[in-house]
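The values are calculated or read from the model by the stated rules, or taken from the named source; none is laboratory data. It should be emphasised that the depicted structure is a prediction, and the values quoted were computed from it without experimental measurement. Heads up, the Cβs are rebuilt from the backbone with ideal geometry, glycines too, and the neighbour counts pull from every protein chain shown.
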Amino acid sequence: MTNGAVSSVLELLSDFEVTRGTNPADIDVYNSLLNRLGEIVQTSAKNESFRMELASCEDLWRRFKVAIRQAWQFADAVMIDQETRFIYVRLLRGITLLLRNMSACELPWKQHVLLKECTTTFLRIAQLNGSVDEMLVSYYTVTTAFLHNITKDMTGYDNGFLEPLVRFLEYPAKHLINDQELSYCYCTLFLNLTASDDFLYGFFHTYSARIICGNILGGIAKQHSNIFKNPGKLSADEQITSLDAVLLKIFAKLATNESFGQYLVQLEKENSDTLFDVLKCVQPVVTSTEKWDKFTLTALMSWCFPIFERTAKLTISYLENKATDEREAIILHNKLTVTMDIISTLAQYDHVQKFLLSYGASEILIGLLRVLQNNLVRINFYKNPNGTIKGLKTTDSLGSELSDEQLLNERIDYNNFHIKATNFPECKLLIIEILTALIHNRRDVQDKVRELGGLELVLSNCIIDDNDPFIKERSVICIKFLLKDNAPNQDFVAKLEAKKVVQEEALSAAGYEVKISGSGELKLETINDKKCDGT
């Protein structure tokens with residue numbers, strides 16, 4: 001190709017600049033520009049050499065910058081009626097399409113070009129357009145794609161860029177819902193921006209609410225993503241779309257930023273439902289990632305543990321005061337299960353275990369477990385051969401059958417055999433999973449669990465309870481760790497068993513049984529040791 005490509009675009013930009021003095025009613029001028037621009041855009045999309053020639057000319061980028069700035073300055077004089085507004089938006093969309101095609105070329109110096117001009121011009125045009133139509137949405141989408149291209153590997157942001165850029169991101173709250181293409185462009189642009197600590201600092205401290213809650217959550221994740229359809233850990237068989245993958249990367253970036261905790265604190269005060277929506281998006285990221293470094297683990301725990309701690313205290317108060325507000329219970333239960341699921345997953349790391357212990361997690365966990373143990377209803381479902389539920393049995397913490405109909409109706413939906421949030425399903429299970437990680441090979445923590453009364457609490461959960469599926473198996477593992485090479489804990493359990501407080505089946509499952517020594521003392525023996533002795 002020759003310099004003719006650049007010349008043709010420069011000539012078009014000059015003619016575009018002249019249109020500011022054109023009679024707005026003279027639509028033919030704009031149509032002529034559109035026809036010429038359309039040919040150039042099509043050629044730039046199909047012809048790599050043509051596209052590269054344009055993108056390599058720094059002077060051309062500067063001329064685009066001037067043209068778009070002038071488009072903003074003179075827009076109010078042009079967009080005076082519906083017909084000229086439409087054609088002016090269409091013309092700016094075409095110019096931005098050309099910029100998008102040019103920006104696909106790998107030219108490192110282009111990164112900061114036109115970022116401020118494109119965002120401020122769009123916002124001004126949107127304001128003057130009066131209403132949101134298909135052409136304006138298309139213009140926004142193309143601008144978003146262009147900004148995505150020029151923000152790749154961009155790590156620093158001038159203060160002058162941030163304000164219009166974030167206002168541009170705030171704009172489409174109600175226009176993203178039905179446009180999947182725009183949703184994807186929007187998310188990929190935002191993912192680029194999260195690579196910059198400078199951007200995230202300004203974002204979290206000033207602009208975050210409408211973008212995260214309104215656009216990414218309300219406009220994209222809930223409408224176009226599988227994240228909300230299948231919360232929690234992502235199954236290996238779960239189909240992850242391209243948009244899902246981008247959203248998960250975004251929430252990974254947000255969740256590991258040091259300012260994320262401050263944002264959640266404010267969100268917790270303002271809207272518990274939205275807080276839970278954010279946590280639901282973060283949960284699969286954290287629980288499905290195979291490896292974290294110490295820096296990110298600290299960042300994750302710095303917001304997750306405080307939310308859990310506050311919620312644990314509120315849950316204890318709720319249950320001890322015999323509260324019955326199901327709405328309040330749902331909020332508490334949601335926050336407990338998500339934060340404890342995250343903590344349980346991360347507790348595999350020694351760094352997290354030390355973090356939790358340094359902040360008194362064992363005391364908090366056992367205190368919460370005790371209150372749950374004393375106040376929750378134990379539930380056992382009776383099932384038909386086909387798996388459907390035909391009835392249930394309800395007991396208290398001592399195993400006595402319950403007959404308090406008011407309490408049971410508050411805790412169980414008998415029409416659907418569904419356990420309500422007021423009975424905090426799966427919370428005891430998660431507590432025991434976390435405790436198991438904390439006590440493993442830590443004699444001091446094992447002793448503290450006994451001193452805090454946690455040993456008997458874990459023992460009492462070595463039973464089947466459909467309110468906490470698989471809690472028996474988790475409790476048995478926890479008991480094994482509490483008793484291994486720990487004589488004081490073994491002696492404590494032996495005395496409990498003598499009082500018939502402990503079920504022999506639970507100890508047997510953990511690999512122990514109570515025997516009387518030659519001196520008449522009760523002691524625990526491992527079943528394997530007994531077999532080795534030939535007895």
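When you scan the range 376-423, how many residues do you find that are in a helix (DSSP H, G or I) and touching a helix residue (DSSP H, G or I) at 6+ places or on another chain (Cβ under 7 Å)?
We begin by selecting, within the range 376-423, every residue in a helix (DSSP H, G or I); these are 405-411, 421-423.
From what's left, touching a helix residue (DSSP H, G or I) at 6+ places or on another chain (Cβ under 7 Å): 410-411, 421-423.
Total meeting the criteria: 5.
Restricting attention to the range 57-71, which residues are of a type outside the set (D, E, K, R) and over 40 Å from the mean Cα position of the chain (by Cα)? Let's see the steps before the verdict.
Step one: filter the range 57-71 for residues of a type outside the set (D, E, K, R), giving 57, 60-61, 64, 66-68, 70-71.
Within the range 57-71, Cys57, Leu60, Val66, Ala67, Gln70 meet the criteria.
Taking Tyr157 as meeting all but one of (1) assigned to a loop (DSSP other than H, G, I, E, B); (2) modelled with pLDDT of 80 or more; (3) not hydrophobic (A, V, I, L, M, F, W, C), write down the number of the exception.
Of everything listed in (1) assigned to a loop (DSSP other than H, G, I, E, B); (2) modelled with pLDDT of 80 or more; (3) not hydrophobic (A, V, I, L, M, F, W, C), Tyr157 misses just condition (2).
Condition check: hydroxyl-bearing (Ser, Thr, Tyr) and farther than 22 Å from Asn192 by Cα. Does Thr287 satisfy that? Walk me through how you get there before you give the answer.
Numbers: hydroxyl-bearing (Ser, Thr, Tyr): yes; farther than 22 Å from Asn192 by Cα: yes.
Answer is yes for this residue.
This table checks each residue for (1) surrounded by fewer than 15 Cβ atoms within 10 Å (Cβ to Cβ); (2) modelled with pLDDT under 85; (3) in a helix (DSSP H, G or I).
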{"site": "Leu200", "(1), (2), (3)": "no, no, yes"}
{"site": "Ile212", "(1), (2), (3)": "no, no, yes"}
{"site": "Ile227", "(1), (2), (3)": "no, yes, no"}
{"site": "Ala236", "(1), (2), (3)": "yes, yes, no"}
{"site": "Gln239", "(1), (2), (3)": "yes, yes, no"}
{"site": "Val246", "(1), (2), (3)": "no, no, yes"}
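Okay, residues lined up against (1) within 26 Å of Thr311 (Cβ to Cβ); (2) out of contact with any Phe, Trp or Tyr (no Cβ under 8 Å at 6 or more places or on another chain):
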{"residue": "Ile366", "(1), (2)": "yes, yes"}
{"residue": "Val371", "(1), (2)": "yes, yes"}
{"residue": "Leu376", "(1), (2)": "yes, no"}
{"residue": "Asn384", "(1), (2)": "no, yes"}
{"residue": "Lys390", "(1), (2)": "no, no"}
{"residue": "Glu401", "(1), (2)": "no, yes"}
{"residue": "Glu405", "(1), (2)": "no, yes"}
{"residue": "Ile419", "(1), (2)": "yes, yes"}
{"residue": "Thr422", "(1), (2)": "yes, yes"}
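Being among the hydroxyl-bearing types (Ser, Thr, Tyr), farther than 23 Å from Leu189 by Cα, modelled with pLDDT of 90 or more and not in a loop (DSSP other than H, G, I, E, B), is that true of even one residue in the range 43-62?
yes
Tally time: how many residues in the range 382-400 are touching a residue at least 12 places away in the same chain (Cβ under 8 Å) and surrounded by fewer than 14 Cβ atoms within 10 Å (Cβ to Cβ)? Give the derivation first.
Just the residues of the range 382-400 that are touching a residue at least 12 places away in the same chain (Cβ under 8 Å), to begin with: 389, 392-397, 399.
From what's left, surrounded by fewer than 14 Cβ atoms within 10 Å (Cβ to Cβ): 389, 393, 399.
Final tally of qualifying residues: 3.
Spot the failing condition for Gln42; the list is (1) closer than 26 Å to Val132 by Cβ; (2) loosely packed, with under 15 Cβ neighbours inside 10 Å, and only one is missed.
(1)
I'd like the full set of residues that are at pLDDT 90 or above and either in contact with a Cys (Cβ under 7 Å, 6 or more places away or on another chain) or surrounded by fewer than 19 Cβ atoms within 10 Å (Cβ to Cβ) (or both), limited to the range 138-154.
Answer for the range 138-154, where residues must be at pLDDT 90 or above and either in contact with a Cys (Cβ under 7 Å, 6 or more places away or on another chain) or surrounded by fewer than 19 Cβ atoms within 10 Å (Cβ to Cβ) (or both): Ser138, Thr141, Thr143, Thr144, Ala145, Phe146, Leu147, His148.
Within the range 76-93, does at least one residue satisfy the condition of being assigned to a helix (DSSP H, G or I) and within 21 Å of Thr151 (Cβ to Cβ)? Even if it seems obvious, please write down each step before you answer.
Within the range 76-93, the subset assigned to a helix (DSSP H, G or I) is 76-78, 82-93.
Still in the running and within 21 Å of Thr151 (Cβ to Cβ): 92-93.
The answer is yes, given that some residue of the range 76-93 is assigned to a helix (DSSP H, G or I) and within 21 Å of Thr151 (Cβ to Cβ).
Here are some conditions: (1) over 21 Å from Tyr512 (Cβ atoms); (2) buried (at least 22 other Cβ atoms within 10 Å of the Cβ). Pro469 meets all but one. Which one does it not meet?
Against the list (1) over 21 Å from Tyr512 (Cβ atoms); (2) buried (at least 22 other Cβ atoms within 10 Å of the Cβ), Pro469 comes up short only on (2).
Has the range 446-461 got any residue that is of a type outside the set (A, V, I, L, M), buried (at least 18 other Cβ atoms within 10 Å of the Cβ), in the same structural domain as Ile479 (by TED's automatic domain parsing) and modelled with pLDDT under 95?
yes
Here's the yes/no breakdown for (1) more than 19 Å from the chain's Cα centre (by Cα); (2) surrounded by fewer than 13 Cβ atoms within 10 Å (Cβ to Cβ); (3) closer than 22 Å to Leu275 by Cα:
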{"residue": "Ser302", "(1), (2), (3)": "no, no, yes"}
{"residue": "Ile307", "(1), (2), (3)": "no, no, yes"}
{"residue": "Leu319", "(1), (2), (3)": "yes, no, no"}
{"residue": "Arg327", "(1), (2), (3)": "yes, yes, yes"}
{"residue": "Ile331", "(1), (2), (3)": "no, no, yes"}
{"residue": "Lys335", "(1), (2), (3)": "no, no, yes"}
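Hand me the list of helices (runs of 4 or more DSSP H) wholly inside the range 259-375 holding 3 or more residues that are at pLDDT 95 or above. Lay out the reasoning, then the answer.
Working: elements: 260-270, 272-288, 294-320, 326-346, 350-358, 361-375.
Per the criteria, 294-320, 326-346, 350-358, 361-375.
Between Thr339, Thr274, Thr315, Thr345, which is in the same structural domain as Phe424 (by TED's automatic domain parsing), surrounded by 15 or more Cβ atoms within 10 Å (Cβ to Cβ) and out of contact with any Ser or Thr (no Cβ under 8 Å at 6 or more places or on another chain)? It would help to see each step written out before you state the result.
On the way: Thr339 fails: out of contact with any Ser or Thr (no Cβ under 8 Å at 6 or more places or on another chain); Thr274 fails: in the same structural domain as Phe424 (by TED's automatic domain parsing); Thr345 fails: out of contact with any Ser or Thr (no Cβ under 8 Å at 6 or more places or on another chain).
Just one listed residue meets the conditions, Thr315.
Tell me which residues, restricted to the range 462-491, are among the acidic types (Asp, Glu), modelled with pLDDT under 95 and closer than 19 Å to Glu426 by Cα. Quick ask: steps written out before the conclusion?
Of the residues in the range 462-491, the ones among the acidic types (Asp, Glu) are 465-466, 468, 473, 485, 491.
Among the residues that remain, those that are also modelled with pLDDT under 95 are: 465-466, 473, 485, 491.
Within the range 462-491, Asp465, Asp466, Glu473 meet the criteria.
Considering only residues that are part of a helix (DSSP H, G or I) and farther than 14 Å from Leu136 by Cα, which ones fall in the range 96-108? Talk me through it step by step, then tell me what you get.
Initial filter on the range 96-108 (part of a helix (DSSP H, G or I)): 96-103, 108.
The answer is Leu98, Leu99, Arg100, Asn101, Met102, Ser103, Pro108.
Just give me the residues in the range 46-58 being in contact with a Leu (Cβ under 8 Å, 6 or more places away or on another chain) and either surrounded by fewer than 19 Cβ atoms within 10 Å (Cβ to Cβ) or not assigned by TED's automatic domain parsing to the domain that holds Thr120 (or both), in sequence order. So that I can check it myself, show each step before the final result.
Applying the first criterion (in contact with a Leu (Cβ under 8 Å, 6 or more places away or on another chain)) to the range 46-58 yields 54-56.
Scanning the range 46-58 gives a single hit, Ser56.
Considering each of Ala221, Ala173, Ala195 in turn, give the residue that is modelled with pLDDT of 80 or more, surrounded by fewer than 18 Cβ atoms within 10 Å (Cβ to Cβ) and on the phi < 0 side of the Ramachandran plot. If you could, list the steps in order and put the result at the bottom.
On the way: Ala221 fails: surrounded by fewer than 18 Cβ atoms within 10 Å (Cβ to Cβ); Ala173 fails: modelled with pLDDT of 80 or more.
Criteria check complete, one pass: Ala195.
Here is a yes/no grid of residues against (1) in contact (Cβ under 8 Å) with a residue 60 or more places away in the chain; (2) basic (Lys, Arg); (3) assigned to a loop (DSSP other than H, G, I, E, B):
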{"position": "Pro425", "(1), (2), (3)": "yes, no, yes"}
{"position": "Ile431", "(1), (2), (3)": "yes, no, no"}
{"position": "Ala437", "(1), (2), (3)": "yes, no, no"}
{"position": "Val445", "(1), (2), (3)": "yes, no, no"}
{"position": "Asp468", "(1), (2), (3)": "no, no, yes"}
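Identify, by number, the condition in (1) modelled with pLDDT of 85 or more; (2) surrounded by 18 or more Cβ atoms within 10 Å (Cβ to Cβ); (3) among the basic types (Lys, Arg) that Lys110 doesn't meet.
Result: Lys110 fails condition (1) only.
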